[in-house]
């Protein structure tokens, strides 16, 4: 006698995008957990073909409204690599500052408005706000501080318009950056407050043996530059990504799935970045992380909210350091001389590494583009998380099982639109008699 | 009342009728003690914008579409906060969610009014519906009148 059970979540709340989750349960075991992405495929790689390489940052920023800087930075680095340009000094500092702003606003939104309600048993942030108004205000304040950095550096918060190949259309004066200092100091206090609050949450004991992948830089906690490293023993130049990573199509999704060749699924994002770069965090931030219950590595996806809090503190500190030391450059950008070439760029979006490859002709026209967003790289790991977590939760009533699965996905702060790719949950359960 | 009267035109001018909020704000005369802004529908940013305002007037397109250009004035101080919220995107809260959240955490100015103008078309790159565009000058006049009234009674 067959016994089937269907749990349907029409739209997963508190993630960006639309997709579906199918759980297949047989004899009390989750044999399959599949993320089915229903969003129309995003044709940005095709949109870039035939465009001037200087248009890449403006086009790719439209891939995402919450992480446009990530796409712009990966794009300009890839074009500059192809053209033999090296941005350094104050222009490099401004790019790093813009990224601080993006991490701050993205992490703050996710920590407070999207993820915290899961741990405290609230359906959403507005219900949580009735009991935790101070923390919600802190999150909003952090988001505003991050947005303000992006407005000053990028021209506006959403799809910044001031980023260009070689630098910026306009650089700020020290006087224009000065007002950010007070706001960032207050934001830092709020970020520490949130970290202490989040450290009181109850975290399921769920350690995963992920292969962690992130950028690693000789001196800095990574934003724009570094080599690609993996916890399983990889250390490669950004230009060698395709030799070690590949994307595979899946019949049930418009998003591609990434693997390390010969090894399988991997994880990018805050857990990977933190675990592979803890020694690059300033000692005061390391101390805060330890006080919150984190070690030098973290492989529990539920504790990713702690890591985002730590990174929010770091983003405030780094932004303050960059503003303190800023001297406006003589020119807002390096001269761009078109030329044929292939270039690679890889930067750390809030959700993990975002890798671009562009082929350019001698007129500066893009012949080919390849963009690998972070969320698509995480899909296989997210599915395995779901399989394991759902397996432990099968005895729960349907609504609680659904909530557990949604929480497991939100641990990774997925950006489904970037991956082309939230959430209907269908559980197919059968038992052989 | 401390703080300026803040008028915010919410919307995206590149999405047809969604641009009517910013259009209304552009047509406002300069008024002492009144600050006017354009903003996209990013609820978190809106909450921070109005946090220190003495009073608030929001102007936004509504998607009801039964009568394009019809104007609704909603006194937000009389509206209870929603029981829950289901934002259409988790990258940003919408205006309704922002109002509800602000009511719950106590950062909606004591005098807050929303002018919602029914829109019909919200397609990217398309022109504003004529009836919606035609409503903007009258809404700007009413908003200016309301702002002056708020100042006078402060």
Q. What whole number of Å gives the distance from the Cα centroid of segment B:114-154 to the Cα centroid of segment A:322-351?
A. 42
**Q.** Gap separating the Cα centres of segment B:18-72 and segment A:125-171, nearest whole Å
**A.** 20
Q) Which distance in Å, rounded to a whole number, links the C-alpha centroids of segment A:202-261 and segment A:47-107? A) 20
Q) From the square roots a ≥ b ≥ c of the eigenvalues of the alpha-carbon gyration tensor of segment A:213-369, which class results: rounded (a/c under 1.5), prolate (a/b over b/c), or oblate? A) oblate
Q: Report, largest value first, the span of the C-alpha coordinates of chain B along each principal axis, in whole Å.
A: 40, 36, 22
Q) For segment A:295-401, what is Rg from Cα atoms divided by 2.2 N^0.38 Å, rounded to two decimals? A) 1.65
Q. Sorted from fewest to most neighbouring beta carbons within 10 Å, what does the list A:310, A:152 look like?
A. A:152, A:310
**Q.** Taking A:244, A:110, B:67, A:132 and counting other C-beta atoms within 10 Å, the order from fewest to most
**A.** B:67, A:244, A:132, A:110
Q: Give the relative contact order (percent, whole number) for chain B; include only Cα pairs under 8 Å separated by 6+ residues.
A: 35
Q) So what's the back-of-envelope 222 nm ellipticity for the protein assembly as shown, counting only DSSP H runs of four-plus at -39500 (n - 2.57) apiece and dividing by all residues, rounded to 500? A) -12500 deg cm²/dmol
Q. Does segment A:216-271 come out rounded, prolate or oblate, given a ≥ b ≥ c as the square roots of the eigenvalues of its C-alpha gyration tensor, rounded meaning a/c under 1.5 and, failing that, prolate meaning a/b above b/c?
A. prolate
Q. What ranking do A:199, A:304, B:153, A:32 get, fewest neighbouring Cβ atoms within 10 angstrom at the top?
A. B:153, A:32, A:199, A:304
(Q) Per q in 0.18, 0.20 Å⁻¹, report the Debye log10 I(q)/I(0) for segment A:150-251, using one uniform scatterer on each alpha carbon and no solvent. (A) -1.14, -1.12
Q) Using a ≥ b ≥ c from the Cα gyration tensor of segment A:66-143 (square roots of the eigenvalues), is it rounded, prolate or oblate, where a/c under 1.5 gives rounded and otherwise the larger of a/b and b/c decides, a/b for prolate? A) prolate
Q. Is there a simple number for the mean count of other chain Cβ atoms within 10 Å of the Cβ of residues in A:386-393, and what is it?
A. 0
Q.
Can you report the principal axis dimensions of the protein assembly as shown using only the alpha carbons, biggest first, rounded to whole angstrom?
A. 72, 69, 48
Q: Over the whole of B:102-114, what's the average partner chain Cβ count within 10 Å per residue? Rounded to a whole number, please.
A: 3
Q: Please average, across the residues of A:136-142, the number of beta carbons from any other chain that are within 10 Å of each residue's own beta carbon, and give a whole number.
A: 5
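Values quoted throughout were computed directly from the atomic coordinates according to the rules given, and no laboratory measurement underlies them. Computed from a prediction, not measured in an experiment: that's the story for all the values here. So basically every Cβ, Gly included, is an ideal-geometry build from the backbone, and we count neighbours across all protein chains shown.
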